[in-house]
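> Take a look at the following structure, please.
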Amino acid sequence: MPFVHIELVEGRSQEQLTKMMEEVTEVISKNTGAPKENIHVILSELKKGTYAVNGKWK
């Protein structure tokens, strides 16, 4: 039972997020042999200004 955790900065449409989750599920199933109904995709959206890269706020 694979669990996939994805963290993204907020700002994508529901349609984009749905497509991403569908494609991630497809790839995980293809590469592991796990049935799609057993694959869990957990999405966390980060608010802009709540993380940094190389010490600089994004």
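Laboratory data are not the source of any read-out in this text; all were calculated from the coordinates shown. Nothing here was measured: the structure is a model prediction, and the numbers come from that model. Counting neighbours? That spans all protein chains shown, and the Cβs are built from the backbone with ideal geometry, glycine included.
> Being under 20 Å from ARG12 (Cα atoms) and of a type in the set (A, V, I, L, M, F, W, C) is the filter here, so list the residues in the stretch 25-51 that pass it.
VAL41, ILE42, LEU43, LEU46
> Can you give me the number of residues within the stretch 16-57 that are closer than 17 Å to VAL4 by Cα, assigned to a strand (DSSP E or B) and out of contact with any Ser or Thr (no Cβ under 8 Å at 6 or more places or on another chain)?
The number of residues fulfilling the criteria is 6.
> With the requirement that a residue be loosely packed, with under 11 Cβ neighbours inside 10 Å and within 10 Å of the chain's Cα centre (by Cα), what does the stretch 24-47 give you?
Hits for the stretch 24-47 are ILE42, SER44.
> Now for a separate question. Which residues, counting only those in the stretch 4-15, are surrounded by 10 or more Cβ atoms within 10 Å (Cβ to Cβ) and not in a loop (DSSP other than H, G, I, E, B)?
VAL4, ILE6, GLU7, LEU8, VAL9
> In the stretch 13-46, how many residues are in contact with a strand residue (DSSP E or B) (Cβ under 8 Å, 6 or more places away or on another chain) and not small (Gly, Ala, Ser)?
Number satisfying all stated conditions: 13.
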